[in-house]
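The values are calculated or read from the model by the stated rules, or taken from the named source; none is laboratory data. Source: prediction; values computed, not measured. Counting neighbours? That spans all protein chains shown, and the Cβs are built from the backbone with ideal geometry, glycine included.
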Amino acid sequence: MEQEKIKCIIVDDEFPARILLKEFVEKVPVLELVGSFKSGLEALPVIQTGNIDLMFLDIQMPDITGVNFLKMITKKPLVVFTTAYSEYAIESYQLDVLDYLLKPFSFDRFMQAVGKAMARLSQQPAAATNIAADTDNTADAASKDIMLVKADHKIHRIKFDSIIYIEGLREYVTIFCENNEKVITLESLKNLENTLPASKFIRIHKSYIVRVDKIKALYGNQLKVEGVKDYLPIGKSYKDIVQSSLFGNE
């Protein structure tokens, strides 16, 4: 399930801001950092190649502001403004900027912007359903052991038996599969819960769905899952269901 990367750059005159964004980008498998620049003029040659999908652009920079820089370039990638000044929000929307991150922003908020970029690049509305059961006439579909996932400009065929667990965060989910493979897509865990076979998967938390036969132990309010280093939490409202489903009423 090789994924097509979203090529991105960082343009910010502040070194700590560039480091933080670089760390955020490196946490997201779908993103590929092409370069990190102190000014728009420094980044211009890379942008002019037309190979950049997404730019994280600071507004307040000494040589040329992010707003003025964006107005001067012709080959525009998708742009996420990053700034400590909220008064630029209206102008950012007038420039058709994808998102506006007000410093300091969290990784969760950063991922919302990434989700918007994924939706725009795949030409799918943010609220669209990106996961569905496979309904073609192949043998795999006949046995109903595969789902289709729209991510990174592609449609991935994921076997249910290859999934270890799924983590949800706001508008997107990360599907963790065997062999250290991950797929990130815009979707809700609720829709996934309705798509996945109930005999094979269980919702254990508002943010987690786990493949049942990968569960190795229940420890208090946590589950040990095969192939996962850390214990996964069990939500309070799911504990009784998890207990009865996995270990009966004992």
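So here's what we get for this one:
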read-out	value
Qualifying residue in region 40-50 (condition: more than 30 Å from Ile175 (Cα to Cα), buried (at least 19 other Cβ atoms within 10 Å of the Cβ) and in contact with a Phe, Trp or Tyr (Cβ under 8 Å, 6 or more places away or on another chain))	yes
Sole exception among (1) in contact with a helix residue (DSSP H, G or I) (Cβ under 8 Å, 6 or more places away or on another chain); (2) in a loop (DSSP other than H, G, I, E, B); (3) modelled with pLDDT of 80 or more for Pro62, by number	(1)
Qualifying residues in region 179-198 (those that are without any contact (Cβ under 8 Å) to a residue 40 or more places away in the chain and part of a helix (DSSP H, G or I)) - the one surrounded by the most Cβ atoms within 10 Å (Cβ to Cβ)	Leu189
Residue among Asn68, Asn51 that is under 30 Å from Leu148 (Cα atoms) and polar (S, T, N, Q)	Asn51
Pair list, Cβ under 6 Å, 6 or more apart: region 107-129 residue over 19 Å from Arg18 (Cα atoms) and surrounded by 15 or more Cβ atoms within 10 Å (Cβ to Cβ), other residue basic (Lys, Arg) and modelled with pLDDT under 85	none
Counted residues, region 90-148 - those being at pLDDT below 80 and in a helix (DSSP H, G or I)	9
Breaking point among (1) of a type outside the set (A, V, I, L, M, F, W, C); (2) within 16 Å of Glu4 (Cα to Cα); (3) at pLDDT below 80, for Lys182	(3)
Among residues of region 1-42, those that are within 19 Å of Val114 (Cβ to Cβ) and either among the basic types (Lys, Arg) or not in a loop (DSSP other than H, G, I, E, B) (or both), counted	24
